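Taken together, the values in this text are just the output of simple stated rules run on the coordinates, not laboratory data. None of these values were measured; they are calculated from a predicted model. When we count neighbours, we look across all protein chains shown, and the Cβ atoms used for this are built from the backbone with ideal geometry, even at glycine.
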Amino acid sequence: MTEELREHVAEELLRSRARSTALTDAVDEHDLVRQHSKLMSPLVWDLAHIGNQEELWLVRDVGGREPVRSDIDEYYDAFKFSRSVRPELPLLNPREARQYVGDVRGKVFDVLEKVPLEGRRLVENAFAFGMIVQHEQQHDETMLATHQLRTGEPVLHAPPPPTGNLVPATEAFIPGGPFEMGTSDEPWALDNERPAHAVHVDSFFIDTTPVTNAEYAEFVLAGGYDDRRLWTEEGWRHRTTAKLSGPRFWHREGNSFSRTAFGVTEPIVPDEPVVHVCFHEAQAYATWAGKRLPTEQEWEKAARYDAETATTRRYPWGDEEPAEIHANLGQRHLRPAPVGAYPKGVSAAGVHQLIGDVWEWTSSDFQPYPGFEVFPYAEYSQVFFGPDYKVLRGGSFGTDKSAIRSTFRNWDYPIRRQIFAGFRCARDA
Ligand code: AVJ
Ligand code: FE
């Protein structure tokens, strides 16, 4: 068991590093240090921050080793300097950053060989490695979003996703009653996903597919962005000051739309889930459609609850780890797949593409579960709890399988749309 776990951790560390390397080797030095958007860090910051977190948690804390570098911690502390000011910091240059993450990784492999991964320390130590793997993959998705904001020739390439086995958009009925939400035993689950607890959810309907580009284009053409009644007060204020008129990266010509993704501009693909919309846009669309966004309780019940056996599954399709047939994850494709492309990933209730493709906005604020305990540090989740952030679920085409579960909770400000976010609708039964 222990050797197997060590091997698994080693493979996951290599897999995340291969991805970080590919994302940072794809562009030249100038593109690594420049700020592609005020919303994002320079790519070279993400790279060295990945190494710095790994050094703090695995080299110094778990391993008890001497620091690789003790002089740079503050510049890579995400709470000390916000993304917009990071380019002005005395950051490591690309060559130094690559050297640094490599040196840290060398020590980490040594720690992995020698650290106890059994007995009492197993849970703590194994979790620390899992947390660092997920942390790197999360920043890789953030770097992918930075690539999406970058202008210039395309530098990332990937084959297209599978084609949609077109399921007509319809609704699934989820019966009212309790289900077990969250987890107490998923080994790599983060503190905010814990503990497992019973939640009562009233009966509701949820769309079997995420809202598509074609559906969203109808909303735009129907004047949805100019209809004050569809928006909340806060949403309308934002739509007005930010002058929103359609999803980020869309261009309108008469009644047709194209969009730019990773340097390529092409007509929107009608059956693909819409992506790069903020919470307010999702909320306005749902109102226009006579529906609403699901709560995160509803989303998780639709993803995990098997009414026939009254049990909660790990993933929509069952308990197996995500494989290529289940979901569009891991940047294998640079876009969401058309609806119906993953029939093997469908939930017990018949809901498609809950995992992968696009993060899905829910109507819920990011709050702790009853019995929440900070683990291992308050800055991961606790400092974000409250009404400022909305919960997103399910992961996107840019999310790695190690960093997504049906219990995984992402959060962001309701105005953000550079992330790979879309949504699906629900309604009361
Ligand atoms: C869970 C995606 C909101 O990127 O801010 C990365 C993950 N935490 N480094 C983020 C995270 C610390 C976090 N999200
Ligand atoms: Fe981080």
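Annotation: extensible slack from residue 99 through residue 163 equals 18.9 nm (criterion: 0.36 nm per residue apart, minus Cα-Cα distance).
Annotation: lysines with alpha-carbon distance below 17 angstrom to residue 344 (same-chain offsets under eight excluded): 401.
When only alpha carbons are used to place a centre, segment 275-329 and segment 57-87 end up 35 Å from one another.
Summary value for the chain: 18 percent relative contact order, contacts being C-alpha pairs under 8 angstrom separated by 6+ residues.
The listed peptides 70-78, 153-161, ordered by packing as a protection proxy, come out as 70-78, 153-161 (highest mean of other Cβ atoms within 10 Å first).
Assuming charge only on the beta carbon of Lys and Arg (+1) and of Asp and Glu (-1), the dipole of segment 352-429 about its Cα centre is about 260 debye to the nearest 20.
For the residue pairs 80/301; 243/301; 291/390; 38/291, the alpha carbons lie more than 27 Å apart in 80/301; 243/301; 38/291. Peptides 255-265, 320-330, 18-28 ordered by packing proxy, namely the average of other Cβ atoms within 10 Å per residue, highest first: 320-330, 18-28, 255-265.
Answer rounded, prolate or oblate for segment 1-74, using the Cα gyration tensor with square roots of eigenvalues a ≥ b ≥ c: rounded when a/c is under 1.5, else prolate when a/b is larger than b/c, else oblate. Since a/c reaches 1.5 but b/c is at least a/b, the shape of segment 1-74 is classed as oblate. Run through the DSSP bridge list for the chain and note the antiparallel percent, rounded to the nearest 5. If I count the DSSP bridges inside the chain, around 95 percent turn out antiparallel. Taking amide H as placed 1.01 Å from N in the peptide plane, residue 363 has its amide H under 5 Å from the amide H of 295, 296, each at least 5 places away in sequence or on another chain.
Modelled label positions at residue 80 and residue 8, each set 7 Å beyond Cα in the direction of Cβ, lie 3.5 nm from each other.
Seen from residue 171, the other residues with C-beta closer than 15 Å to its C-beta sum to a net charge of +1, counting Lys and Arg as +1 and Asp and Glu as -1.
Annotation: amide H of residue 201 within the under-5 Å range of 177, 179, sequence separation 5 or more or interchain, hydrogens built in the peptide plane. Across the options 350, 307, 361, the greatest Cα extent toward the positive end of the charge dipole of segment 307-384 (unit charges at beta carbon of Lys, Arg, Asp, Glu) belongs to 350.
Which of rounded, prolate, oblate describes segment 80-214, given a ≥ b ≥ c as roots of the alpha-carbon gyration tensor eigenvalues and a/c under 1.5 marking rounded, otherwise prolate only if a/b is larger than b/c? Here segment 80-214 falls in the oblate category.
Neighbour counts of C-beta atoms inside 10 Å place 101, 346 in the sequence 346, 101, starting with the fewest. Contact order for segment 149-223, expressed relative to its length and based on alpha carbon pairs under 8 Å spaced 6+ residues apart, stands at 32 percent. Tally Lys and Arg at +1 and Asp and Glu at -1 over the other residues with C-beta under 10 Å from the C-beta of residue 142: what net charge comes out? Neighbourhood net charge equals -2. Residues 391, 269, arranged from fewest to most other Cβ atoms within 10 angstrom of their Cβ, appear as 269, 391.
Evaluated with a Cβ-only charge set (Lys, Arg +1; Asp, Glu -1), segment 87-192 carries a dipole of roughly 340 debye about its Cα centre, given to the nearest 20.
Computed over the Cα atoms of segment 1-132, pair by distinct pair, the Kirkwood hydrodynamic radius stands at 15.6 angstrom. Taking label positions 7 Å along the Cα-Cβ direction at both residue 155 and residue 245, the computed distance is 3.1 nm, reported to one decimal. Which residue, 42, 376, 151, has the largest displacement toward the positive end of the dipole of the chain when charges sit on each Cβ (Lys, Arg +1; Asp, Glu -1)? Of the candidates, 151 comes out farthest on the positive side. Note on residue 378 and residue 185: with the Förster distance fixed at 25 Å, the Cβ-Cβ geometry gives a FRET efficiency of about 0.60. Our note on the geometry: Cα centres of segment 234-269 and segment 102-171, 29 Å apart.
Charge tally for residue 159 (other residues, Cβ to Cβ under 13 Å; Lys, Arg +1; Asp, Glu -1): +1. For residue 399, the residues whose amide H sits under 5 Å from its own are 330, 331, ignoring neighbours fewer than 5 places away on the same chain, with H placed 1.01 Å from N. When the Cα gyration tensor is reduced to axis lengths a ≥ b ≥ c, the ratio a/c is 1.5 or higher for segment 344-425, and with a/b above b/c it is classed as prolate. Our analysis of the chain gives Rg over Rh at 0.96, with the two radii drawn from alpha carbon positions and Rh computed by the Kirkwood formula. Dividing the helix sum by the residues of the chain, where each DSSP H run of 4 or more adds -39500 (n - 2.57), gives a mean residue ellipticity at 222 nm of -9500 deg cm²/dmol. 3J(HN,Hα) couplings calculated from phi for segment 178-194 with the Karplus curve 6.51 cos²θ - 1.76 cosθ + 1.60 (θ = phi - 60°) are, in sequence order, x, 8, 8, 9, x, 8, 10, 10, 6, x, 9, 5, 7, 4, 6, 8, 10 Hz; Gly and Pro show x. Using only side-chain charges placed at the Cβ, +1 for Lys and Arg and -1 for Asp and Glu, the dipole size of the chain relative to its Cα centre rounds to 960 debye. In order along segment 109-115, phi translates into HN-Hα couplings of 5, 5, 4, 4, 5, 9, 6 Hz, rounded to whole numbers, per the Karplus curve 6.51 cos²θ - 1.76 cosθ + 1.60 with θ = phi - 60° and x for Gly and Pro.
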